[in-house]
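Note sheet for the following structure.
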């Protein structure tokens, strides 16, 4: 079985099936027998989620969990405004975008207002995978090239084209037209140049190598906060890398599927927090708060060139109900000013994490932007040896203590924490409290040599 850093860093081991309670064991067995072996479950003791409300999930036994990971329901589980919009639309009209409808046009106009003026056209899909697949098609068509540069633990989707540019998915080596470079890792940077300059230099070398292989540059595809690589919101890194890619005639694709829609704060988009403007932007996960909707944004020149040669239609992409959900999410973010909440609540969580770091030497580094956090754990603060085993114990201790988070990065030793945009001060304080309690549990396990 292939190993995926994004799926297997926090995975239920089917060899432990016998340790589960009878009801849970029976459900897991049924799941395996129907869904197959590619699917993964979170945690050593999987959570059977049966209900969600606001910032909480509830299991089959009625136990409450503070959700600090699920950025699909970014404006809260079962958000009333989204539920109402979807219900109303579903009871009125549910059809595709080849019929003239005002909903898709009105939403598109409001969405584009959140983006730089040059990014003025949007196309719709069902998922971030499809959006990235479409962006790769557009980039190849516009440039005539095939070479793609990504980061070393990137995840951009599950289609065939996206899987081959997603080193973290565990499906095997990269094809010759794809090169992965290390992200701008501020914690482990050892070169004389700045973190941003070193990252741009790696992008340059990658495109040079692609040309040597006979693959003209097509695109630099990056998650704008390097979510799967370990969360690296490094100032200047995107600007420098974008310039390096454009020097080769490549387009820049900013994958905003994870950091987009105000998670990073008032900048709204991950690329905007670095004052960098991509050529293509892909959207997904939080866009519909659980309703499948995604998209790709570009400028007129790029999309007109594509549209002249390639007619595009997606049955459910841009259809009535997903658009209604997306419109409700955007209204919630803007009217409730959740981008400001991401900044203020993010600062509270960050301060709490820093306090915990002073008590627990296993916390090597804290990286954040708004309500997106990467907390890198180490086995040894001096050598910075990755604390992979400690991280596994910690996220499972969090689960047992009523806090849902996960891990990312090449060694699965960085906590990936994504509180919802609707978090309150009380939620933020509870997150830090439960994480602190879990750190104590994981520390005791490490001292006892128990995993």
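Can you match Rg and Dmax of the Cα atoms in Å to one of these, [x] 29.3, 94; [y] 24.5, 84; [z] 21.6, 66, based on a calculation from the structure here? Read-out from the structure maps to [z]. The alpha carbon centroids of the stretch 426-449 and the stretch 69-124 are separated by 38 Å. Would you calculate the separation in nanometres between label points at residue 312 and residue 32, each defined as 7 Å from the Cα along the Cα-to-beta-carbon direction? Computed distance between label sites residue 312 and residue 32 equals 4.2 nm. If you take the Cα centroid of the stretch 49-65 and the Cα centroid of the stretch 317-364, the two points sit 20 Å apart.
For a quick protection proxy, order the peptides 76-83, 35-42, 321-328 by their average other-Cβ count within 10 Å, most packed first.
Values: 76-83: 18.5, 35-42: 11.9, 321-328: 25.5.
Ranking, from highest mean packing down: 321-328, 76-83, 35-42.
Read-outs: derived from the displayed coordinates by stated rules, not from any lab. All values reported here derive from a predicted model rather than from experimental measurement. Every residue, glycine as well, gets a Cβ built from its backbone with ideal geometry; the counts of neighbours run over all protein chains shown.
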